[in-house]
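The values are calculated or read from the model by the stated rules, or taken from the named source; none is laboratory data. Computed from a prediction, not measured in an experiment: that's the story for all the values here. Note that each Cβ is placed from the backbone with ideal geometry, even for glycine, and that neighbours are counted across all protein chains shown. Side chains are part of the model used for accessible areas, which takes the heavy atoms of the whole protein and leaves out ligands, DNA and RNA. Shrake-Rupley method; radii C 1.70, N 1.55, O 1.52, S 1.80 Å.
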Amino acid sequence: MQALVKTEKGVGHLALMEMPEPKPGTGEVLIEIHASGICGTDVHVKHDRFPYWPPVILGHEFAGEIVDLGPGCRHYQTGDRVVGEPHTRHCGQCYLCRTGNVQICAQKRSPGWGIHGSMARYLVMPEQLLHRIPDTMDFDTAAVVEPAANAVHDVYERAGLVPGDFVVVLGPGPVGLLAGLAALAGGARHVVMVGAAADEGLRLGKARDLGFPTVLNVAEDDVAAAVMDLSGGVGADLVIECSGASAASAATPKLVRKKGRICAIGLTGGATVDFPWQEAAFKVADVYFCLSTSYTSWDRTIHLIAGGQIPAEKVITHRLPLAEWEKGFEALETQQALKVILHP
Ligand SMILES: [Zn+2]
Ligand SMILES: [Zn+2]
């Protein structure tokens, strides 16, 4: 089968090549992939900025149909339409696994970097990590369940969004937009979406199209003054940092209210952040660091997308055949795209 493979260590080394079709082992299913989103992680693997074990097929944001069952499968059947948590190879024995946090098990090796991923015709997955999608949900939309489940986990389960919250989102990329949509779906009374000069055009344009009540550009607007003004001089109940930019992380204490919450989603790529610790201390702020998705966030996300409360499919800007993967990566890296869906 044709697959997009990171062939060896180093920058670049991506190639579309012929790979053997996988066979499902015990408790595993074979999924025919209908849609596979390109994630920031895939771009990081391309640029050698994330751990990976080459040669490895990229991709972990997938949706497809089960076409074969390995021995011992009991919960799924061929023909089931599914998405799946990318928490393969978690050990099942460590403190984190046994407390229901398989997503941050140190042994985890996900499809797309640790083991073969979904940018190919077929993917093998353990059935215990799957979730069914409703017949009404198309595969492209379903491929956005994974990043949307990140937003749902981070905003609801980690940072504890409460209806009526005043929310600021920094970084209007796919995850920031999904976090903002999750905040609206969860009853936020106001969401301020904040971008930088480079976001003007596609990202901030999309934020306006999606109907966020306030959309600001740090190059032109005094964000702190606007947030204070809009929140009646109190500050935000919840600030969600999705940009990964040091300056944005450093700005969060200025935007949050006293005893407010900061939800830290964006990764800085290893850069040290000059964070105003004392300002945050005087705000008595709670900071929630976030990584990956919980079991409980998946079905909730599927229902919220299927019900239209989180219109996750609206972050899709490109749909391409797998053969045109280069176009998709380039569009992402030059910020001409939000979510790119590849069709193997
Ligand atoms: Zn992802
Ligand atoms: Zn474990």
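Observations, loosely collected:
- Close pairs from the range 258-282: first on the phi > 0 side of the Ramachandran plot, partner of a type in the set (Lys, Arg) and open to solvent by 50 Å² or more (accessible area, probe 1.4 Å), Cβ under 9 Å, at least 6 apart: Gly269/Arg49; Gly270/Arg49
- Qualifying residue in the range 113-131 (condition: among the acidic types (Asp, Glu) and away from ligand 1 (no atom under 15 Å from the Cβ)): yes
- Test result for Leu267, modelled with pLDDT under 95, within 22 Å of Leu181 (Cβ to Cβ) and out of contact with any Leu (no Cβ under 7 Å at 6 or more places or on another chain): yes
- Taking every residue in the range 34-53 that is open to solvent by 60 Å² or more (accessible area, probe 1.4 Å) and pairing it with any residue that is within 16 Å of ligand 2 (Cβ to nearest atom), at least 6 positions away or on another chain, the pairs with Cβ-Cβ distances below 7 Å are Trp53/Gly114.
- If the condition is being part of a strand (DSSP E or B) and under 15 Å from Ile115 (Cβ atoms), then the range 62-96 contributes Phe62, Gly84.
- Being open to solvent by less than 60 Å² (accessible area, probe 1.4 Å), within 16 Å of ligand 1 (Cβ to nearest atom), at pLDDT 95 or above and of a type in the set (Val, Ile, Thr) holds for only one residue in Ile57, Ile31, Ile66, and it is Ile57.
- Given (1) closer than 19 Å to Arg319 by Cβ; (2) without any contact (Cβ under 8 Å) to a residue 12 or more places away in the chain, number of the condition Gly59 does not satisfy: (2)
- Residue match in the range 239-253 (condition: among the acidic types (Asp, Glu) and open to solvent by less than 20 Å² (accessible area, probe 1.4 Å)): yes
- Hits in the range 294-344 (condition: assigned to a loop (DSSP other than H, G, I, E, B) and either open to solvent by less than 60 Å² (accessible area, probe 1.4 Å) or touching a Cys at 6+ places or on another chain (Cβ under 8 Å) (or both)): Ser294, Gly307, Gly308, Ile310, Pro311, Ala337, Leu338, Pro344
- Residue satisfying all of: in the range 80-98; farther than 23 Å from Tyr52 by Cα and surrounded by 17 or more Cβ atoms within 10 Å (Cβ to Cβ); nearest to ligand 2 (Cβ to nearest atom) among these: Val82
- Selection count, the range 102-111, where residues are open to solvent by less than 50 Å² (accessible area, probe 1.4 Å) and either within 10 Å of ligand 2 (Cβ to nearest atom) or in a helix (DSSP H, G or I) (or both): 4
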